[in-house]
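Coordinate-derived values only; no laboratory data. What you are looking at is a predicted structure, and each value in this text was computed from that prediction instead of being measured. Cβ placement follows ideal geometry from the backbone for every residue including glycine, while neighbour counts extend to all protein chains displayed.
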2 protein chains.
Amino acid sequence: MATPHPFDPISGAEINIATKLIKDATKGTEKPHFIQMDRLDPPKKDMIKYLAAERANVTPPHISRIVYVYYYIGLIFHKALVNVTYGHIVTDKVLPKGVVGPLMADDVEVVEKLATTHPIVAAEIEKLKLPAFVKVVCDPWIYGKDDPNEDRFLVQCYMYLASAYHPESNHYSLPLKFSPVFNCLTKEFVRMDYLPAGIDGTVTATEAWTEFPFVEYHPDLNGESLRPLKPLIVQQPEGPSFTTEGNNIKWQSWEFRVIPLAREGFAIYDIYFKGRSILYRLSLSEMTVPYGDPRHPSHRKQAFDLGDCGFGVNANSLALGCDCLGIIKYLDFNKCDSTGAPTFSPNTVCLHEQDAGLLYKHVNYRTNVPVVARKREFVVQTIATVANYEYALNVIFNQAGEIKIHVLATGILSTWPIEKDITVPWGTNVGPLVMAANHQHMLSFRIDPAVDGHENSIAYDDVVTMESDPVHNPFNVGFVNERTYVEKAGYIEQSPFTNRSYKIVNENVINPISHQPVAYKIAMPAKQMLLADPKSYNAKRAHFATQQLWVTKYRDHELFAAGEFTNQSETDTGLAVWANGKDDVRNTDQVVWATMGFTHVPRTEDFPVMPVEAHDIAIVPSGFFDRNPALDVPQSNNSFNKSQYYKDPNSLVTASSDSCCKM
Amino acid sequence: MATPHPFDPISGAEINIATKLIKDATKGTEKPHFIQMDRLDPPKKDMIKYLAAERANVTPPHISRIVYVYYYIGLIFHKALVNVTYGHIVTDKVLPKGVVGPLMADDVEVVEKLATTHPIVAAEIEKLKLPAFVKVVCDPWIYGKDDPNEDRFLVQCYMYLASAYHPESNHYSLPLKFSPVFNCLTKEFVRMDYLPAGIDGTVTATEAWTEFPFVEYHPDLNGESLRPLKPLIVQQPEGPSFTTEGNNIKWQSWEFRVIPLAREGFAIYDIYFKGRSILYRLSLSEMTVPYGDPRHPSHRKQAFDLGDCGFGVNANSLALGCDCLGIIKYLDFNKCDSTGAPTFSPNTVCLHEQDAGLLYKHVNYRTNVPVVARKREFVVQTIATVANYEYALNVIFNQAGEIKIHVLATGILSTWPIEKDITVPWGTNVGPLVMAANHQHMLSFRIDPAVDGHENSIAYDDVVTMESDPVHNPFNVGFVNERTYVEKAGYIEQSPFTNRSYKIVNENVINPISHQPVAYKIAMPAKQMLLADPKSYNAKRAHFATQQLWVTKYRDHELFAAGEFTNQSETDTGLAVWANGKDDVRNTDQVVWATMGFTHVPRTEDFPVMPVEAHDIAIVPSGFFDRNPALDVPQSNNSFNKSQYYKDPNSLVTASSDSCCKM
C-alpha cells in the first residue's frame, strides 16, 4: 500500500488499526461502542513545510497519520487519538460528564425499532385503533438541551403514520401526537411526551385515529400523471477537462485536494489558481436548524447536523445520471460502525464539469465582432440526508479564479400534528392535519485563507456617498470605497446599505496595476441571523449563528463553529470562545467563518417534497490578478459547442433565423 | 398576411405604414428624422376581454394595432400614435422644449466620425503627435443633465487611443483627456471639455502622448496562450420540450408570449402555469448607470440604458453555440432607421432549455430509495451592447412554477485617464494610465401581476422573534411571520434582518390547505440603493432607484420607471409621480416595480473585459398551489440522462466507484 498523502481520507485499513488498538487497550472492560472516527488534520506548520517540499519536488518531511476515535465504554464517553502510522494510542481521554457524542446510525436503528415495539409505546399505539393498511413509523431525533441537570444521552422519537402497503409512503404527512424519549446508550424508555396540536400548548390523551389523508411524494403513490419531457444529454466526447491523481484535482489552472470526511462531508485543501495560493482549507463547519414553534417539546428541535450526526456519515451514495450530468468522477469514503469495523461508502462526493452560461462577452458595435467565452465550472458535490431533509453542498470553481459555495436545501419538512381548521402563527399547514413550523438553517463555512501566503488580513469595504462640497463634490454625485481592517478576533456586522463586502487581503503583496494590496472578496447577501432569544438554549448553543462573518486566530483543531461536541451541548464552545476580542488577527494566520443563514417559513409548495432552495457565498479575486485571469479561455463557437436551430413543427416556412445566421 | 396577435412585435410592413403616414402628413416641412418606433401595448381592459375570448375559443374582439413614432422635424421633437391597422394618424404631438428623444444609432455614427475629423478636434489630436500605429477612437455618450437652461440635444464624446493595426484593439484601455461636445441634431461642435487625470479636478492642456501600453481583450492581441478545454455538448436528440406558435410558447405546463421590443428588449405577456394566471406582463422597465467620480465632466455620466437608447435596438444578433447551448429558437425584431425604413434584426431573443441541477431529492434512509427529479429551465434571453457594457437579460422559468429574472453584466468598463502613480478614492486603476470609476447599475423590473386574476394585493412579510412569555413562549425559541398589506401607491422599505419578503396576494382566493390567500413571492437580496445625494440631478432623474420595491395603481402606458423621456431629463417622471401615496392599491389592479441594484467598485480582474457579474430576482409560488406543483416531473435516471463514469487516465486499477455502482 502506498503511503497516503497527509490530507488523504481515512482508509479501511487505518480504521482497522485504530479499532484494534482501542480494543486491545480496553480489554477487560465492557466492549467499546464506537461512535465516530476519522483522520485528524495534520498540524498546519508541518503541512506548510510538507506542501512547500512537494511543490519544490524534494522529499517532504514525514507526517504521521493520526485518527480521532469517539467511543463509549458503558456510559463513559472517550476520545482517543491514535497514531495509525506507527500503531499506538497518543491520548485517550474521558470526556466530562454531560458531554455527549454524536448519534450513531446503529443506535438510531435500534431506537427506531424500539419506539414502536416497546410495551409502553405499543400500548399508546393500541389506543389509535389503526386499520391494517396503516403503520406507525418513528424518526429518532436529536434531543435539544433544555435542562442543565440532564446528562443522559437521550433521543426524542417523533411518531408518524404511513401506508403499510408501500415502503415509500410519506410518514411525514401524518405526525402523531405522542413522542417517546429513549436513552440512546442503555435503550431504556425515559418518558412519553405529548405534542400539542391545537392553537396553544394543550395536549390531549391518545384516542382512536380515523382520518388518513396521506400526502405522498413517491411517483408510485402521488397520483400524478407525468409531464412529457424530452432528454437533455451532456456529452463530453473527448473526456473531461480535469485530471485526478488520488484526491488531487487539476482543472483549468486550478489545483486542490478534495477529501471526504465523516463530519464535514468533505474539505478542500491547498487551493491554488494559476500557480498562486488562495486557500489552505475550505469546509462546511457546522449547521444548526432551530425551530420556531414555542411549545413543548418542539423547543428541543435544534439539530446540529454536523456535530450531532455528521454530514459525511449521512452522505448519499450518488448515482450516475441522477445527481449530475456529463462525465462524473466519484470519491469514496470509509466510516466505522459501532463495532469499529470499517464500512465502505462509495460515491459520497462527485466531481464534474458543467456549463454555466457566459463567462464574458463584448461586441464591438463598430465592427459587430464579438469576443465571447462560455463559463465552464468544476463542481465538488456531496448530498447528505439528515432524516427528513436533504442538503447538497457544492463547491464550484470557475475559469476566472472564482469559488462559489452553493448549498441546496431539499427533502421533506419536519412536520407537526395539527387539528382540523386550526392555523398557528409559527408555522404553515402543508397538508390535512399536518403543520410545518418556521425554522432556520444556519450554516457556518470555515474559510482558512492563504492568499499569496499565510500572512493575511481581513478587512471590510463600505461604499459611501461623498459629502457635499463645492470643490471636491460640486455636483453631489461622488461616492468612494472605504476600507476597515479587523485587528482583533471577533465579528463584522452586516451592512448591506453601505454595500459592505468582506476581503481577505495580503498586505505584503501589492498589485502592480491597482497599487493596492492583493485580495480575495467574500460576497454574500445580508441575511437574518438567529432568531431565538439570547436567553434561550438555542442561542447559547449556536452563538456562531448570531453574526454573518467571524474572524479568529488560526489554531490547529479549531474546526467546528459551535465546538467539537454539540449534541445536548449547553453552550457554543467554538466561536463563542475563539472570537475573543483579544487575539491579534491582522497580517497573520487567521480563519474566516461565514454564516449562511436562511429563515424558512414553509410554503404549501414545499410539501410533500421541497423544490430546491439555493444559497450562495462567492469567494472571488478582487485586485488579486493584474487583469481578467480568464483571457486565456478559448472563444466560444459552434464547431466546439454544436448547438442546433429549433425547427418549428408548426411552421410551414423555414424559420427566418435559419437563413440569417448562415451568413 | 395573417392578422397579428395584439401582443405581436411590430412588423416591417407596419413600420412602412407608419413611416408613410408620417411622411405624408409632414409633406412640405423638413424631412422627418425618425428616432424610434414600436407597437404600443393594447389597452389592458380590451386585452383582458381578448384573452378571455381566446381561452374560451370564441372570436376575440377586434383590437387595432397602434404604433408610437418618435421623430424630429428639424429641432422639433414629435410623438405620433399611428393606427397601422386602419392606416391613420391617431395623434401627433410636439413635445415640450427640453424634452429630448433617445439617441439614434444613425446619429451616433455621424457624430462618432465627426469627433475625429472636425477641425477643432483634429487640431487637438494633432497636439498628441501620435505615431502611425496609433489611432484615435470616439465613443459618443449620453449627455447627463447638469444645466436647467440647456435644452439642446447634446452628445459628449469620450476619446481614446487604440492600435491602428487591428480593428479590435481595445480603445477603452487608453482614454484621452479631452472630450468634445456636439449637438446631436445639427451636428454642430458645441465645446471642448477636458478630463482631469490627477488626484483632483485640475485639467491640463493637450500635449504629446508617448506611452501606449494597450491592454487588449481580443484573442488576436491579448498575448495569452490558450488553456486546453474539452468540448461539453448539450444534445437534445428528440428535440426540445417546448413548442412555439409565433411568439406564443408552451413549455412544461407554462404558457406565455415573448415579444421583442425596441425599448425593453422584450416583454413577456399573459403568463400561465398549470392553467392558472400568474402575471399579465413582465419586463425590464429602465436601467440607470450613475458614476461616482465627482469631477467635471464625469458628473454627466448617468446613462438610462432603456430610455436614452433602447435595449431592443441595441440587442445583439445572437449566434448559435455562442450565447447558449442545445436547441435554440430565435426571435427576430424590426426597428426603424432614421429615414423610417424598417431594419430587420435577426435573433435578438433566444429561447432554449437548460439543465439546472436538482429540482428535488429525498432518500428514505430506511430503504435507501431516492426520489429525485432534475430541474429543467426555460430561458428567454436578450443581450444588449450599450457602447462599452454588455447586459444579458434572462427570464428563466422552471418546472416548479418559479420565474427567475437573471441579469448578467459583462463587457468593458467605462474608463477615465489617470496619470502615472496616481490613485483616486472613487475608482480603481485597471491598467497603466487608465482608471475605472465606481458606479452603480440600477435596473427597474416592472411586474404586472395577475395572480389568479387581476384583483391582487401587495404585502410584505416579516419574521420576528416572539416576546418572552412564561405561557406562550416559555423556552424563548418562538418566531412568527407577520404580514402587512400595502394600501396606497408607494414603496416598501428593505428589511433584511426581519427576513422581509414581498408578496403578490389574491385575497379573494383561499388556499384550501394553508387556509391563507394564495400568493406569489418576490424574493430579492437587500441591496444598496442609489448613492447620489438627493440634491443631485442623478438622484432627481432616477428617483425609482432610491427604493427596492414600489407599488403603483395600474394605468395603461405607465411602463417606464423613470418616465417616458429620460435623455437629458431633469426629473423622474415615472415612479416619482405614480407612487403618489394616494392611489388605492389593495385588492385591485396594481403594478410592482422591483429595483435590482448593484454598486460596482471595479476590480483589476474586470479589465480589459469583465467576467460576468450576475444578479437575480425570484418570483415563486408561496401558498399558491396546494402542494409541490412539480410532483409530475419524471424521475431522473441514467437511461434518460446518459452520464458516464470518469476513467482515470493515471489509474492502474479500475476506479472503485465503477464496481459499486453497477450493483
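Can you grab the distance from the C-alpha centre of the stretch B:218-277 to the C-alpha centre of the stretch A:305-341, Å, no decimals? When both Cα centres are located, 35 Å separates them.
Using a 7 Å projection from Cα along Cα-to-Cβ, the label point at residue B:151 is separated from the same position in the remaining copies by 8.8 nm, smallest value first. Partner shielding of A:219-228 amounts to 4, given as the average count of beta-carbon atoms from other chains within 10 Å of each residue beta-carbon. Shape class of the stretch B:519-644 from the alpha-carbon gyration tensor: oblate, with a/c at 1.5 or above and b/c at least as large as a/b.
Take residue A:81, push a point 7 Å out from Cα through the beta-carbon direction, and compare it with the same point in every other copy: 8.0 nm, smallest first. For the stretch A:515-607, which GluC sites (Glu not before Pro) are both in a DSSP coil and crowded by at most 15 other Cβ atoms within 10 Å? Passing both the DSSP loop test and the Cβ count: A:570. For the protein assembly as shown, the convex hull spanned by the alpha carbon atoms encloses 173 Å³ per residue. Please identify the trypsin sites (Lys or Arg not before Pro) of the stretch B:1-88 that satisfy two criteria: DSSP loop assignment and at most 11 other Cβ atoms within 10 Å. Which are they? Answer by residue number: B:27.
For the stretch A:12-94, the fraction of C-alpha pairs farther apart than 16 angstrom is 55 percent.
I need the shape label for the stretch B:224-272. Rule: rounded when a/c is under 1.5, else prolate if a/b > b/c, else oblate, with a, b, c from the alpha carbon gyration tensor. Taking the square roots of the gyration eigenvalues as a ≥ b ≥ c, the stretch B:224-272 is oblate. Percent of Cα pairs in chain A per distance bin of 20 Å, from zero to the largest separation: 16, 47, 30, 6, 0. What separates the residue B:210 label point from its copies, with the point 7 Å along Cα to Cβ, is 10.0 nm, written shortest first. For the stretch A:219-307, GluC sites (Glu not before Pro) are listed when DSSP marks them as loop and at most 13 other Cβ atoms sit within 10 Å of their Cβ; the list is A:238.
Model label sites at residue B:497 and residue A:614, defined 7 Å from Cα along the beta-carbon direction, differ in position by 3.0 nm.
So what's the gap between the Cα centers of the stretch A:394-439 and the stretch A:156-206, to the nearest angstrom? If you average the Cα positions of each part, the centres end up 20 Å apart. Rg/Rh, computed from the Cα trace of the stretch A:116-209 with Rh as the Kirkwood radius, has the value 0.98. Inter-part distance, the stretch A:444-510 to the stretch B:497-513, computed on C-alpha centroids, equals 37 Å. Pairs of Lys residues in the stretch A:496-540, spaced 8 or more positions apart or belonging to different chains, with C-alpha separations under 22 angstrom: 4 in total. Partner shielding of B:463-475 amounts to 5, given as the average count of beta-carbon atoms from other chains within 10 Å of each residue beta-carbon. Relative to the compact-globule estimate of 2.2 N^0.38 Å, the Cα radius of gyration of the stretch B:323-482 comes out at 1.65. The modelled label-to-label distance between residue B:588 and residue A:507, using points 7 Å beyond Cα along the C-beta direction, is 5.9 nm. In plain terms, chain B is cut at each of the chymotrypsin sites (Phe, Trp or Tyr not before Pro) found in a DSSP loop with at most 16 other Cβ atoms within 10 Å, and the longest leftover piece is B:166-663.
A Cβ-based charge dipole, computed about the Cα centre of chain A with Lys and Arg at +1 and Asp and Glu at -1, lands at about 1020 debye. Under the simplified labelling scheme, the residue B:580-residue B:151 pair shows an inter-label distance of 2.5 nm, with each label point 7 Å from Cα along Cα→Cβ.
Assuming charge only on the beta carbon of Lys and Arg (+1) and of Asp and Glu (-1), the dipole of the stretch B:12-94 about its Cα centre is about 80 debye to the nearest 20.
Each residue in A:428, A:26, B:546 was given a count of other beta-carbon atoms within 10 angstrom of its own, and listing them fewest first yields A:26, B:546, A:428.
Taking every residue in B:236-242 and counting other chain Cβ atoms within 10 Å of its Cβ, the average works out to 5. For the stretch B:462-584, the orientation-averaged shadow of the C-alpha convex hull comes to 10.9 nm² (one quarter of the hull surface).
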